[in-house]
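K.L.:
Dumping the structure here so I can ask a few things about it.
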Amino acid sequence: MRHRIAVVGSGPAGLTFARVLHRHGYPATVFERDSAPDARPPGGTLDLQEGLGQLALDKAGLLEEFQALSRPEGQAMRILDTDGTVLRDWRPGPDERANPEIDRRHLRDLLLGPLDVQWGRGVTRVAPGTGGVRVHFADGRQETFDLVVGADGAWSRVRPAVSPATPHYTGVTSVETSLDDVDTCHPGLARLIGDGSLAVYGVNRSLVAQRNSGGHVKVYAKFRAPLDWHTNVDLADAEAVRSSLLALFDGWAAPVLDLLRHGTAFVHRPLYVLPVSHTWTHVPGVTLLGDAAHLMPPLGAGANLAMLDGAELAESLATGPGDPEETVRAFEERMWARAGRWAQMTTAGLERLVSPDPAEALALFEQVQPS
């Protein structure tokens, strides 16, 4: 296989795909609209699962390096009632550390390694044709490739080449904030959160705090609301957003609300998904990975599936005999089946985690965590 391969997007899916190809001696060029790796905050921590994200890293030859960077203790989970009562306090034992956490920026840097990434190269569209697939860039340039892999997330510019599907709003919004140097600046909150994550579930809303490395904590306020819930709130005004959230969570225990009171900036992230069984008629020279192919609620599966998508497609192309188009087509069939199962589970999970009955969330947690 010596084809011109373009990867659009430098998230977990695209970088894993390119890194596995690189391990097998095949080049791919990654195009990323961001101007540099640190052009925007990389997001929170990820729980990489043994049969998914960790399997992908193993295929890339990076599993040992991942294990050195990861935080097994980050799997710990505390669940509180809205009055502050501790309902569940689970900490992983020596035999329960199979799915450790890793910061997204650490994972990104691990995957980047020697890859050829062209930063600041936003793609506007791709056009399949008889002589290859033409990639149109935001700067007006065009390049032609034999295979274009769309790994450019929820609002993919590659997706329209194969599918008319667009993400739709779930009815749940997430507002993200963060705490820095929590152990020194907010020791009470550090103890409240513990080594991993803290979750508090109320009627149609939840607060989740998640430790990252270096004393950094991400806080997510999730609630059911119309997409235009913020009509009278200036999202650029941190104090206005804070006041709105504190009113929304009024009556919750003071230490829990301190997660919002001490948050720095606020980022509005309404949750969108693609149809649960999103498929398409194969288009020669173009395919999709990760969120571009199967955007689902953010309940721990997305990045894992994205990485395994990338690793499996790259490995199949690098080692499999026969026509690359047949290889891609066969991969798509496997990806659709797997993603469909996870999309059903995460969609049902979101319904239970942001529910009129907070007991649903605790029951769901009991199903997926050891006793």
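The values are calculated or read from the model by the stated rules, or taken from the named source; none is laboratory data. What you see is a predicted model; the values in this text were computed from it and never measured. Cβ coordinates were reconstructed from backbone atoms using ideal geometry, including for glycine residues, and neighbour counts include every protein chain displayed.
K.L.:
Kindly indicate which of V162, V175 is buried (at least 16 other Cβ atoms within 10 Å of the Cβ) and more than 21 Å from G43 (Cβ to Cβ).
P.N.:
V162
K.L.:
What single numbered condition from (1) in contact with a strand residue (DSSP E or B) (Cβ under 6 Å, 6 or more places away or on another chain); (2) buried (at least 18 other Cβ atoms within 10 Å of the Cβ) fails to hold for L87?
P.N.:
Among (1) in contact with a strand residue (DSSP E or B) (Cβ under 6 Å, 6 or more places away or on another chain); (2) buried (at least 18 other Cβ atoms within 10 Å of the Cβ), the lone unmet condition for L87 is (2).
K.L.:
In addition: On the given criteria, is R224 over 27 Å from D181 (Cβ atoms), within 21 Å of the chain's Cα centre (by Cα) and assigned by TED's automatic domain parsing to the domain that holds V175?
P.N.:
The answer is yes for R224.
K.L.:
Another one. Please identify the pairs in which a residue from the stretch 227-239 that is touching a residue at least 40 places away in the same chain (Cβ under 8 Å) has its Cβ atom under 9 Å from the Cβ atom of a residue that is surrounded by 14 or more Cβ atoms within 10 Å (Cβ to Cβ) and aromatic (F, W, Y), counting only partners at least 6 apart or on another chain.
P.N.:
W229/F223
K.L.:
Related question: Among the residues of the stretch 234-248, count how many are surrounded by fewer than 13 Cβ atoms within 10 Å (Cβ to Cβ), part of a helix (DSSP H, G or I) and among the small types (G, A, S).
P.N.:
Matching residues across the stretch 234-248 total 1.
So that you can scan it fast, the table gives a plain yes or no per residue for (1) surrounded by 13 or more Cβ atoms within 10 Å (Cβ to Cβ); (2) within 30 Å of V328 (Cα to Cα):
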position: G194; (1), (2): yes, no
position: S213; (1), (2): yes, no
position: D228; (1), (2): no, no
position: D250; (1), (2): no, no
position: D258; (1), (2): yes, no
position: H282; (1), (2): yes, yes
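K.L.:
Among the listed residues L63, L69, L111, L115, identify the single one that is touching a helix residue (DSSP H, G or I) at 6+ places or on another chain (Cβ under 6 Å), in the same structural domain as G43 (by TED's automatic domain parsing) and without any contact (Cβ under 8 Å) to a residue 12 or more places away in the chain.
P.N.:
L63 is the lone residue from the list that is touching a helix residue (DSSP H, G or I) at 6+ places or on another chain (Cβ under 6 Å), in the same structural domain as G43 (by TED's automatic domain parsing) and without any contact (Cβ under 8 Å) to a residue 12 or more places away in the chain.
K.L.:
Being among the basic types (K, R), assigned by TED's automatic domain parsing to the domain that holds V241 and closer than 28 Å to R108 by Cα narrows it down to one of R269, R261, so name that one.
P.N.:
R269
K.L.:
Within the stretch 25-38, does at least one residue satisfy the condition of being closer than 23 Å to L313 by Cβ, in the same structural domain as L313 (by TED's automatic domain parsing), touching a Pro at 6+ places or on another chain (Cβ under 7 Å) and modelled with pLDDT of 90 or more?
P.N.:
Taking every residue of the stretch 25-38 in turn, none turns out to be closer than 23 Å to L313 by Cβ, in the same structural domain as L313 (by TED's automatic domain parsing), touching a Pro at 6+ places or on another chain (Cβ under 7 Å) and modelled with pLDDT of 90 or more.
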